[in-house]
Amino acid sequence: MGVFICLCLWSLTGVFVADAVKSESVTEGESVSLNSSVTQIQTHEEIEWRFGDILIAKMKNNKNVFYDTDKESFKDRLKLDQTGSLTIINSRTTDSGLYTVSSSRDTINTINLTVYARLPVPVISSNSSSSSSSSSSCSLVCSAVNVSHVTLSWFRGNSSFSSIRVSDLSSRSDLLLHLECVDDSYSCVLNNPIRNQTQHLNNTQLCHTCAAVSLTVLISAAAAAGSLLIVAAVGIFCICRKHRNTHREETQAEEITYADPTFYKRNRNKPRPREEDNVVYAGVSRC
């Protein structure tokens, strides 16, 4: 009797193995197999697969039946093997979700499937800008267009130092990440939990173009500054010349001395000495 009970239990455990929720991941366009965990299908055993609450596939009496639903189309993309495992061909991001396989007696397995979109190779380009104040900046931009549930990062060697992320799996976004012109040890990486795409920096061309743009801006700024200096020098020269002429005129005015004239009135009544016509000189005797 005990042996018979053991054989029955062994037979039941051979039908299905109840497990916790499992996770599966795949890249869009690839095929993925969802294990039913059934080791042996009994005669007249019925196996059903559901996507959420929607029945998509059934195995009964060794015959497979597939259902095309209004919500998501699995037409011609589903296969069932002899163990009841389900294979999804040419997977789509819309296939992401919970898949449940059950027997006619109980739930056997639940699998959470995530289908990630294909990753594009990130693009590195130069970005230059200048302002009216003659200041300029030059940087590199790594971009990824129309992506979802990814992280875009700048790496130096194997270390990430700058990143941006979009976590939504159902919507697409454009990502941009800036970096100043540097050496070739940097790379830009776009990744999701199962794949990555890497673009290595070639600054021989990018930073050279970047530097050339900065040099053009610098030359323009220098030319403008030189013009201002010339105008200022001419102005200063004119001011100095005018000041010098004014100073010279003031100096000459100070060196001229004007004397006040003095007039003396002649006395008309003063007698003039008259010459005598006959002058007699007498001799002088000394005693």
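The values are calculated or read from the model by the stated rules, or taken from the named source; none is laboratory data. Please read all numbers here as calculations on a predicted model, not as lab measurements. Quick reminder, even Gly has a Cβ in these numbers, built from the backbone with ideal geometry, and neighbours come from all protein chains shown. Side chains included, ligands, DNA and RNA excluded: accessible areas come from the protein's heavy atoms. Shrake-Rupley method; radii C 1.70, N 1.55, O 1.52, S 1.80 Å.
Starting from the Kirkwood Rh over alpha-carbon pairs, what translational D in µm² s⁻¹ does region 61-101 have by Stokes-Einstein at 20 °C and 1.002 mPa s?
Working: Rh = 11.4 Å.
The Stokes-Einstein estimate is 187 µm²/s.
Which cross-chain or sequence-distant (5 or more) residues have an amide H under 5 Å from the amide H of E46, H modelled 1.01 Å from N in plane?
Result for E46 returns S104.
Quick one: if the Förster radius is 35 Å, what FRET efficiency do S160 and S25 give, using the C-beta to C-beta distance and rounding to 0.05? Could you put the intermediate results ahead of the total?
On the way: r = 21 Å, r/R0 = 0.61.
The formula returns an efficiency of 0.95 here.
Residues of region 72-88 with backbone nitrogen within less than 19 Å of a virtual label 7 Å along the Cα-to-Cβ line of D53, please, listed as ranges.
Only 72-73 fall inside the zone, counting backbone N under 19 Å.
With every protein chain left in place, what is the accessible area of R50 in Å² (1.4 Å probe, nearest 10)?
Near enough 90 Å² of accessible area.
Around I108, which amide H atoms from residues at least 5 apart in sequence, or from another chain, sit under 5 Å from its own amide H, with H modelled in the peptide plane?
V101, S102, S103
What is the set of long-range amide H partners of L34 at a cut-off below 5 Å, with H atoms built 1.01 Å from backbone N?
Here L86, T87, I88 satisfy the definition.
What are the chymotrypsin sites (Phe, Trp or Tyr not before Pro) within region 153-196 that DSSP puts in a loop, where the Cβ has at most 12 other Cβ atoms within 10 Å?
On the way: sites: W154, F155, F161, Y186; in loops: none.
Answer in residue order: no site qualifies.
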